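Any read-out appearing in this document is the output of simple, stated calculations on the displayed coordinates, not a laboratory observation. Everything numeric in this text was worked out from a predicted model, so none of it was measured. As a convention, Cβ positions derive from the backbone with ideal geometry for all residues, glycine included, and neighbour counts pool all protein chains shown.
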Amino acid sequence: MIKENITELEKKWVELLKSPKRLNAPKITNTKIVAAELQTQLLQDEEYQKWIKEKDEVRAALEAAYAQDEKPLVEDLVKAGMNIRSSWDLVNAKSSYKSAIPILIEHLSKPYCLKNKEGIIRALAVKEAKGVACKTILDEYNKTEKKDANYRWSFGNTMAVIMTADYIGDVLAIVQDESNGDSRHMFVTALGNTKSSKAEETLKQLLTDKSEVIRKEAQKALKKIN
């Protein structure tokens with residue numbers, strides 16, 4: 001029920017972000033309309049004000065739904081001593097959170113909405129998760145629908161930080177599959193970061209990949225190996 005509610009709210013949010021519905025265009029009395037004049041006109045525009053109100057309401061409802069969805073994760077992290085309200089609070093945190101790594105790994109396979117799962121994935125992009133989170137990251141990536149390209153990209157982004165040589169074969173399989181599209185981008189980076197000759201032949205093949213993003217990243221990765 002929570003995930004269905006989130007899906008509907010996300011659709012509504014996207015629609016609201018496209019543009020405010022307004023009855024009239026701003027009346028410009030000068031060739032250079034001043035900010036104060038525009039602000040006054042917007043305050044008098046009922047449709048615009050209605051759009052602002054609805055946008056604020058949907059954003060608040062969406063944030064509440066996200067929080068409800070990841071409540072079990074947050075509760076476990078708080079028990080482990082984390083002072084957070086969301087997994088996203090860990091992303092780019094200045095202090096280490098080694099004790100949170102096993103919890104994040106455990107919860108990644110749970111049916112949270114994509115927004116919250118992405119928060120877990122990005123929070124695992126730290127040296128403390130190196131090697132230990134690779135299997136879960138790869139398993140989840142391979143289970144994810146290929147249409148969710150931006151979300152799938154985040155898995156590679158994390159692997160570029162935590163990958164060890166033990167998983168070169170798994171990553172080679174991902175980058176060799178062109179149906180994975182540009183979500184392969186950071187997996188290619190991960191291969192380069194290993195500096196392993198095992199990846200060299202595949203990286204050379206990627207220099208002729210149909211994706212310009214992949215071709216460029218393969219070229220960079222090869223420079224790290226050679």
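Observations on the model:
- When residues of region 176-217 are limited to those that are over 21 Å from the mean Cα position of the chain (by Cα), among the hydrophobic types (A, V, I, L, M, F, W, C) and more than 17 Å from M163 (Cα to Cα), the one surrounded by the most Cβ atoms within 10 Å (Cβ to Cβ): L206
- The number of residues in region 141-184 that are hydroxyl-bearing (S, T, Y), touching a helix residue (DSSP H, G or I) at 6+ places or on another chain (Cβ under 7 Å) and either at positive phi or assigned to a helix (DSSP H, G or I) (or both) comes to 6.
- Residue, nearest to K3 (Cα to Cα), within region 87-117, restricted to residues that are among the polar types (S, T, N, Q), assigned to a loop (DSSP other than H, G, I, E, B) and free of Cβ contacts under 8 Å to residues at least 24 places away in the same chain: N92
- Residue match in region 63-86 (condition: of a type in the set (S, T, Y), in a helix (DSSP H, G or I), over 20 Å from M163 (Cα atoms) and touching a residue at least 40 places away in the same chain (Cβ under 8 Å)): yes
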